2 protein chains.
Amino acid sequence: LRLALVGCGLVGGSFALALREAGAIASVIGCDADPQAAARAVACGIADETGPLGAIVAHADVVVIAVPVRAIPETIGQVAAAARRGTLVTDVGSTKGEIVRAGDRAGGIRFVGAHPLAGTERSGPDAADARLFRGRKVLLTPTARTDAAARDEVARLWQAAGARVAELDADEHDRRLAAVSHLPHVVAYALAGALETSVPELAGLAGGGFTDTTRIASTPPSMWLDVFVENREAVLAWVDAYLAEMAIWREAIAAGDVTKMRERIAAARAARAGILGA
Amino acid sequence: LRLALVGCGLVGGSFALALREAGAIASVIGCDADPQAAARAVACGIADETGPLGAIVAHADVVVIAVPVRAIPETIGQVAAAARRGTLVTDVGSTKGEIVRAGDRAGGIRFVGAHPLAGTERSGPDAADARLFRGRKVLLTPTARTDAAARDEVARLWQAAGARVAELDADEHDRRLAAVSHLPHVVAYALAGALETSVPELAGLAGGGFTDTTRIASTPPSMWLDVFVENREAVLAWVDAYLAEMAIWREAIAAGDVTKMRERIAAARAARAGILGA
């Protein structure tokens, strides 16, 4: 298989590295809006060579779109215009509704939406790691128009990269990921941001709690701005559910209501264990 | 030095193990309100033997109080009543204002308040680890009445356990730790708790972001209930600062205000880096 990688950052780069290591693909041609990132992708062994999007897509058997979420629908159109008929095209975006609708609209390609539940606070081709997806879940979001064989091929590629494959409706994906991924980012950004003016007096006093709770607040903004805009309604609904819970906490602390706090702590521990499958 | 350990949980047990490993103490006699925990402390090598508080304190050179925060002031009084005159007494509580005032009130002992900035979501003697404090900061909170030689002795013990020692006024400690430790716990509990009724549909979908952001929400409630009650006013002030930042976020997401979101993400990243000293 000849793979065209559109976007050579952490996730796309790691997928290409994992597929090469597994022997699942014969070659990788990459492109990136940032010429330095494209050059680094070759230097890091992610891509054999680079070229303009139209050219690299025209000769590919599989196209992986790993650009920021909001650019994916338009990129799908560009890929469809340049690819041979029937080319398998997939993506790695963190939201899926608009993307699978763009895939359904695009003619001539076989599109399958996918979202690997893996990432780090780092970014760029130099952070790519062939082991990033090992044991992690990848959600495929086929629609009624998705080609079943294409879906199976994408599933096999992710399995070759070490991931566990599951399926979910795209809009349901966006609603649920808003709870377990997008909301935690808002919470972490707000927690670190709320301490902005107190940094001098707080420097050096943080233990593991603050460090872990805000780890994802060190993620660069580009990816999450896209997600917050793209998935606005679902994120807002969970933000409001969260603010309702914070209001319960504020009242319990103000009242010294140990019974209520104990009840909410028990609920939090049970919910966390249930969501993590512990 | 003969050490009496009042409370044989994670933090006290780890301190005793570290001091034994460093050769800084000759023996440890422990006590715990939970007889099973006391027995486990001997089984885990934390204490050589156990006994009732009055008896173990009477023969000690150093008494370490490692019981839940709200029990510490009363425990200081009990220790002072049983200890020989001039006995060095210190604690490991997460709040300090009420505790150092109790230490100042207690007659006959030399009390020094201390708070090691280390811990895990685990608890109990079986979780104790001699390396828990290596490279971590310990805040001593001496008052105007604290004996200087006693303060230096406690500093040396923590250094022997591998920690870096700093000093801070007790009330200032409580105000600052409310920001970098107590607030993150409220946020993490509220984040996991807000998802309580959606666990079935969210199970297995969480990646590293949710896992890390809510890690401290798996901490057992006993310790944090005490902190939230004891340090109520400081915690509430930071909760309100945080809710103001969340309101900015909610408005920016609702409006699709990418400029504002980018600004708050930059503020969050800078604040986090400044607080962690990166």
**Fill in**
The residue from B:85, B:20, B:70 that alone is open to solvent by 20 Å² or more (accessible area, probe 1.4 Å), touching a Gly at 6+ places or on another chain (Cβ under 6 Å) and not small (Gly, Ala, Ser) is B:85
**Request:** Just give me the residues in the stretch B:26-50 being in contact (Cβ under 8 Å) with a residue 12 or more places away in the chain, under 23 Å from residue B:93 (Cβ atoms) and open to solvent by 20 Å² or more (accessible area, probe 1.4 Å), in sequence order.
**Result:** B:29, B:32, B:33, B:40, B:44, B:50
**Asked** Across the stretch B:118-140, what is the total count of residues that are more than 13 Å from the chain's Cα centre (by Cα) and surrounded by 22 or more Cβ atoms within 10 Å (Cβ to Cβ)?
**Response** 2
**Request:** Name the single residue, out of those in the stretch A:173-214 being touching a residue at least 12 places away in the same chain (Cβ under 8 Å), facing chain B (nearest Cβ under 7 Å) and open to solvent by 10 Å² or more (accessible area, probe 1.4 Å), that is nearest to the chain's Cα centre (by Cα).
**Result:** A:181
**Request:** Could you please let me know if residue A:129 is touching a Leu at 6+ places or on another chain (Cβ under 8 Å) and among the acidic types (Asp, Glu)?
**Result:** yes
**Message:** Return the residues of the stretch B:13-61 that are aliphatic (A, V, I, L, M), touching a helix residue (DSSP H, G or I) at 6+ places or on another chain (Cβ under 7 Å) and not in a loop (DSSP other than H, G, I, E, B); say none if nothing qualifies.
**Reply:** B:19, B:28, B:29, B:37, B:41, B:53, B:57, B:58
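What about residue B:167, is it over 19 Å from residue B:5 (Cα atoms), in contact with a Pro (Cβ under 6 Å, 6 or more places away or on another chain) and in contact (Cβ under 8 Å) with a residue 12 or more places away in the chain?
No.
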**Request:** Would you list the helices (runs of 4 or more DSSP H) that sit entirely within the stretch A:193-278 and hold 1 or more residues that are in contact with a strand residue (DSSP E or B) (Cβ under 9 Å, 6 or more places away or on another chain)?
**Result:** none
**Request:** For the stretch A:215-226, state whether one or more residues are open to solvent by less than 10 Å² (accessible area, probe 1.4 Å), at the interface with chain B (Cβ under 7 Å from one of its Cβ atoms) and at pLDDT 95 or above.
**Result:** no
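The rows are residues; the columns are (1) more than 31 Å from the chain's Cα centre (by Cα); (2) at the interface with chain A (Cβ under 7 Å from one of its Cβ atoms); (3) open to solvent by 30 Å² or more (accessible area, probe 1.4 Å); (4) more than 30 Å from residue B:99 (Cα to Cα).
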{"position": "B:232", "(1), (2), (3), (4)": "no, yes, yes, no"}
{"position": "B:241", "(1), (2), (3), (4)": "no, yes, yes, no"}
{"position": "B:247", "(1), (2), (3), (4)": "no, no, yes, yes"}
{"position": "B:251", "(1), (2), (3), (4)": "yes, no, yes, yes"}
{"position": "B:269", "(1), (2), (3), (4)": "no, yes, yes, yes"}
{"position": "B:277", "(1), (2), (3), (4)": "no, yes, yes, no"}
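The values are calculated or read from the model by the stated rules, or taken from the named source; none is laboratory data. All values derive from a computational prediction rather than experimental measurement. Methodologically, a virtual Cβ is constructed for each residue, glycine included, from the backbone with ideal geometry; neighbour enumeration extends over all protein chains shown. These accessible areas exclude ligands, DNA and RNA; they are computed on the full protein's heavy atoms, side chains included. Shrake-Rupley method; radii C 1.70, N 1.55, O 1.52, S 1.80 Å.
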